[in-house]
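Have a look at the structure below, then the notes.
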Amino acid sequence: MILYMTQFIAVFAGVYYLLPNLILRRKTLLADAPGILLTFDDGPCQEVTEEVLDILAENDTNACFFVLGEKAKASKELMARMAREGHSIGLHGNTHRHPLSLTPKEQWKELSEAYQILAHLGLKPRYYRAPHGFYTLSSWLFCLNNGLEIVHWTVLAEDWKIGEAKSLTQRLMNRSAPGRILVLHDGSEGKADPNANHIMPAALKAYLKNWRAQGGLLTPWSDYEKN
Ligand SMILES: [Zn+2]
């Protein structure tokens, strides 16, 4: 009996957790883009997201925001601005609970609630990125069922740690290359320092200036969507 239980747990873990992560974390798709692509997770957050939107407008580019349903519901104006200014909306969850802490049914409900919130705001997400970058079979099936494309990241810059903006700018410069998908956090979740996301916009602004000054390109998210 114990042996059967062990085998069942091993098969379940393999199919439900291991396989989706092995496959879906490779879904970045954009290696041939001429510039870097910008994505933002865990928001929206009133002051930070506003500042990020201003910076993106100044740079005449657009990005994909992987938002949380509960926060989107509390920031309707900001979500409307995001859509109005040509940014893409991705689903990140309703809350930011780790998928490991959710049953398959809870995981589905979590995504379903977030999807509904966005629908009520008149927004249709096209992409999904898992909280903590951790995919499950349940989230994968939800995406297939709702036509959501999974987009993981290729560059993390540890912007959840408190520090000087110029250090973050430097990390972004060091890790950038054409075709990379960069993730920054306009919201503060999990183990992130609660003030770290407030430093991010200044670092982003300086990074975009430096990156472009050295001939680096930015690929607007809308260019990716055309492919
Ligand atoms: Zn996240």
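Derivation of every value follows stated rules applied to the coordinates shown; laboratory data play no part. Since the model is a prediction, treat every value here as computed from it, not as a measurement. Here the Cβ is made from the backbone with ideal geometry for all residues, glycine too, and neighbour counts use every protein chain on show.
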**Study point:** Assigned charges on the beta-carbon of Lys, Arg, Asp, Glu; segment 4-75 dipole about Cα centre (debye)
**Key:** 700 debye
Practice item. Can you put PHE134, PHE142 in order of Cβ neighbours within 10 angstrom, beginning with the fewest? Key: PHE134, PHE142
Exercise for review: Enter the angle in degrees (range 0 to 90, nearest 10) between the Cα long axis of helix 104-120 and the first principal axis of the Cα atoms of the chain, meaning the one along which they spread out most.
Suggested key: 40 degrees
Check your understanding: To the nearest 10 degrees, how steep is helix 46-58 against the longest Cα principal axis of the chain, on a 0 to 90 scale?
Key -> 50 degrees
Review point. Computed on alpha carbon atoms, what radius of gyration and Dmax characterise the chain, expressed in Å?
Key: 17.8, 65
**Study point:** the chain - percent relative contact order, Cα under 8 Å, separation 6 or more
**Key:** 30 percent
Exercise for review: Any chance you could check the Cα centroid distance between segment 137-153 and segment 1-53 for me, in angstrom?
Suggested key: 9 Å
Review point. Given H placed on each backbone N at 1.01 Å, which residues far from PHE66 in sequence or on other chains put an amide H within less than 5 Å of it?
Key: PHE40, ASP41, ASP42, GLY90
Exercise for review: Between the alpha-carbon centers of segment 204-221 and segment 92-108, tell me the distance in whole angstrom.
Suggested key: 35 Å
Check your understanding: Whose amide H sits under 5 Å from the amide H of TYR127, counting only residues 5 or more places off or on another chain, with H placed in the peptide plane?
Key -> LEU91, GLU149
Exercise for review: Compute the FRET efficiency between ASP32 and PHE12 as 1/(1 + (r/R0)^6), taking r as their Cβ-Cβ distance and R0 = 25 Å, and round to the nearest 0.05.
Suggested key: 0.10
**Study point:** segment 2-220, dipole about Cα centre (Lys/Arg Cβ +1, Asp/Glu Cβ -1), debye to the nearest 20
**Key:** 520 debye
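Scaled to the compact-protein estimate 2.2 N^0.38 Å, what is the alpha-carbon radius of gyration of segment 103-227, rounded to two decimal places?
Working: Rg = 16.7 Å, N = 125, 2.2 N^0.38 = 13.8 Å.
Normalised Rg, Cα atoms only: 1.21.
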